[in-house]
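The values are calculated or read from the model by the stated rules, or taken from the named source; none is laboratory data. It should be emphasised that the depicted structure is a prediction, and the values quoted were computed from it without experimental measurement. Counting neighbours? That spans all protein chains shown, and the Cβs are built from the backbone with ideal geometry, glycine included. Heavy atoms of the whole protein, side chains included, go into the accessibility calculation; ligands, DNA and RNA do not. Shrake-Rupley method; radii C 1.70, N 1.55, O 1.52, S 1.80 Å.
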Amino acid sequence: MAEVQQDGNLYDLLENIAQFYERQLPNSPSAQQYFKQRGLTAETIAYWRLGYAPEDWQHLEKAFPQDIEGLKLLGLIRTSDSGRDFDLLRERVIFPIRDTKGRVVGFGGRALNDEIKPKYINSPDSEVFHKNQLLYGLYEGRKQKAQEWLMVEGYMDVIALQQYGIHGAVATLGTASNTDHLNILFKQSNRLTIAFDGDAAGQKAARRTLDIALPLLNDGRELKFFVLPADHDPDSLIRREGIENFRRLLDQAPLMSDFVFAHLTQNQDITTPEGKSQVMGELKNLTELLPKHGSFRYLLQQFFREKLGFNRKWQPKVNTDASLSFSTKIDAEEYVIAILMNHPYLYIHFEPLRALVAEDQLLFKILNILNVIFDDLPDDPELSIYYVLGACAAHHHELQHILQHANVSDYTSSPEQADKLAADFSTKLQYQCLKNKIKSKKFNSIAEMKNLKMQIYEIDRKRSMTLLED
């Protein structure tokens with residue numbers, strides 16, 4: 001119980017320190033000038049509770065003489081080798097760091113003199129502050145009900161973007177991004193964009209983040225890479241391009257599949273067999289990091305093979321509504337069969353239809369076959385297609401008609417698009433099947449009818465979420 005009370009006292013102390021730093025800002029012309037040069041308004045400074053730490057080596061001891069032990073627990077007072085106490089943050093502009101409940105839990109400080117190193121200092125981890133489990137701007141983004149999330153490098157980037165009306169920008173707390181950080185953001189949204197500098201260090205950071213992110217890319221999650229022009233951060237880019245152009249550049253940030261292709265091919269001659277082989281070898285190493293039971297690893301391999309010219313070209317134009325793309329000569333269930341024959345690994349999205357489709361339908365039979373062979377599908381995209389066609393040989397004539405008349409070109413736009421189209425189309429079909437079942441009144445009891453209605457409600461909610469994300 002004592003520890004809880006102690007934590008409570010630490011939160012109170014941190015809040016008092018934040019207020020103290022805020023009150024010091026009007027006393028420092030140089031700190032005010034720094035924020036003015038960065039284009040921050042008085043409203044923005046107040047919203048982010050920005051402040052100033054005086055240059056006095058012991059200003060916190062003087063302001064909080066009764067809380068020395070707490071200040072030491074928070075790491076805001078250090079002890080020198082000679083045994084003298086001194087304040088960690090001095091002559092710096094201050095960025096209070098808030099947890100998900102909005103409580104101040106730590107501070108970041110930037111030196112006003114660029115000659116002083118390090119330029120940025122963060123208060124250390126403490127009983128109430130854990131850098132690996134927090135992101136700067138997360139609380140504020142959630143408060144603003146951000147739909148899109150963008151990970152940037154620094155606190156000032158987050159603040160500048162919020163001032164320009166782009167909510168949902170976050171930054172790590174002086175550490176490299178890790179699995180915890182990405183999982184936090186994927187809990188907010190299935191779509192995440194990460195900004196990187198365009199220089200060599202930025203490329204290296206992007207590759208490191210890619211390696212961390214790949215195991216987290218369950219089906220439905222989307223990762224984009226926003227590579228900034230040389231010598232620009234988001235703030236300076238907005239100043240140069242204007243907010244509308246910046247938004248356009250952000251919207252056009254490449255999907256992970258395109259980024260990976262550009263990254264792996266930039267130093268290879270992909271007009272030669274050797275170059276293509278090298279790229280596919282490096283891709284294999286990356287796809288090994290993807291979740292084993294998702295469709296994305298298969299789709300990414302297929303995307304690369306076709307981009308490298310192993311078979312038909314991927315189409316840049318995409319119809320965003322899969323239900324409009326099938327030919328009038330075949331119905332929706334047959335269109336699903338065509339998708340599965342061309343992209344067997346998308347079966348995981350259509351598997352729920354097994355419980356809803358009539359047993360005498362061809363789709364039911366194909367889904368059952370895929371259910372049996374799915375775990376044995378070859379990793380190679382082309383071989384997996386032949387494997388499925390062989391397993392479905394008994395239905396050869398019906399499949400021939402479907403494959404001749406179905407246009408599944410929308411599923412060759414990008415791995416992310418194919419995955420999303422399949423998930424959306426499956427949800428629509430599940431909804432339709434359930435509605436038809438209720439309409440036909442073919443259920444055995446009131447309880448079964450209630451269960452069907454509950455399933456419709458859940459799918460309707462899922463469809464609404466999809467529309468919101470779009």
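Residue check: is Ala391 surrounded by fewer than 20 Cβ atoms within 10 Å (Cβ to Cβ), within 30 Å of Gly281 (Cα to Cα) and in contact with a helix residue (DSSP H, G or I) (Cβ under 6 Å, 6 or more places away or on another chain)?
Answer is yes for this residue.
Go through (1) buried (at least 17 other Cβ atoms within 10 Å of the Cβ); (2) modelled with pLDDT of 85 or more; (3) farther than 26 Å from Lys204 by Cα; (4) among the polar types (S, T, N, Q) one by one and return the number of the condition Asn245 breaks.
Unmet for Asn245, out of (1) buried (at least 17 other Cβ atoms within 10 Å of the Cβ); (2) modelled with pLDDT of 85 or more; (3) farther than 26 Å from Lys204 by Cα; (4) among the polar types (S, T, N, Q): (1).
Filter segment 394-438 down to residues that are surrounded by fewer than 18 Cβ atoms within 10 Å (Cβ to Cβ) and basic (Lys, Arg) and give me whichever is farthest from the chain's Cα centre (by Cα).
Lys435
Listed here are the residues, each with its yes/no results for (1) of a type in the set (Asp, Glu); (2) loosely packed, with under 15 Cβ neighbours inside 10 Å.
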| site | (1), (2) |
| --- | --- |
| Phe259 | no, no |
| Asn267 | no, yes |
| Ile270 | no, no |
| Glu274 | yes, yes |
| Ser277 | no, yes |
| Thr287 | no, no |
| Phe296 | no, no |
| Gln302 | no, no |
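Sort out which residues of segment 370-385 are open to solvent by less than 20 Å² (accessible area, probe 1.4 Å) and outside any helix (DSSP H, G or I), and write them in order of number.
Leu377, the sole residue that qualifies.
Which one of the conditions (1) part of a loop (DSSP other than H, G, I, E, B); (2) among the hydrophobic types (A, V, I, L, M, F, W, C); (3) open to solvent by 10 Å² or more (accessible area, probe 1.4 Å) does Ile184 fail to meet, given that it meets all the rest?
Of everything listed in (1) part of a loop (DSSP other than H, G, I, E, B); (2) among the hydrophobic types (A, V, I, L, M, F, W, C); (3) open to solvent by 10 Å² or more (accessible area, probe 1.4 Å), Ile184 misses just condition (1).
Considering every residue within segment 193-200, establish whether at least one is of a type outside the set (Gly, Ala, Ser), open to solvent by less than 10 Å² (accessible area, probe 1.4 Å) and either assigned to a helix (DSSP H, G or I) or more than 21 Å from Tyr11 (Cβ to Cβ) (or both). Before you say what the answer is, go through the steps one by one.
Going residue by residue through segment 193-200, those that are of a type outside the set (Gly, Ala, Ser) are 193-194, 196-197, 199.
Keeping just the survivors that are open to solvent by less than 10 Å² (accessible area, probe 1.4 Å) gives 194.
Narrowing the set further to residues that are either assigned to a helix (DSSP H, G or I) or more than 21 Å from Tyr11 (Cβ to Cβ) (or both) leaves 194.
Yes, there is a match, as at least one residue in segment 193-200 is of a type outside the set (Gly, Ala, Ser), open to solvent by less than 10 Å² (accessible area, probe 1.4 Å) and either assigned to a helix (DSSP H, G or I) or more than 21 Å from Tyr11 (Cβ to Cβ) (or both).
Looking at segment 52-133, what strands (runs of 3 or more DSSP E) fall wholly within it and have at least 3 residues that are of a type in the set (S, T, N, Q) and surrounded by fewer than 16 Cβ atoms within 10 Å (Cβ to Cβ)?
Per the criteria, no element qualifies.
Please verify whether Glu22 is farther than 30 Å from Leu138 by Cβ and of a type outside the set (Lys, Arg), treating the condition exactly as stated.
Spelling it out, it is not the case that Glu22 is farther than 30 Å from Leu138 by Cβ and of a type outside the set (Lys, Arg).
What's the number of the condition Tyr335 fails, among (1) closer than 26 Å to Leu283 by Cα; (2) surrounded by 21 or more Cβ atoms within 10 Å (Cβ to Cβ); (3) out of contact with any helix residue (DSSP H, G or I) (no Cβ under 7 Å at 6 or more places or on another chain); (4) of a type outside the set (S, T, N, Q)?
(1)
If you check Ala42 against the conditions, is it without any contact (Cβ under 8 Å) to a residue 40 or more places away in the chain, of a type outside the set (D, E, K, R) and either surrounded by fewer than 17 Cβ atoms within 10 Å (Cβ to Cβ) or touching a Pro at 6+ places or on another chain (Cβ under 9 Å) (or both)?
yes
Considering only segment 386-470, give the helices (runs of 4 or more DSSP H) lying wholly within it that have at least 1 residues that are at pLDDT below 85 and hydrophobic (A, V, I, L, M, F, W, C).
In segment 386-470, 415-440, 446-469 are the helices (runs of 4 or more DSSP H) which contain 1 or more residues that are at pLDDT below 85 and hydrophobic (A, V, I, L, M, F, W, C).
Does Val158 meet the test of being more than 24 Å from Leu217 (Cβ to Cβ) and of a type in the set (Val, Ile, Thr)?
Yes, satisfied.
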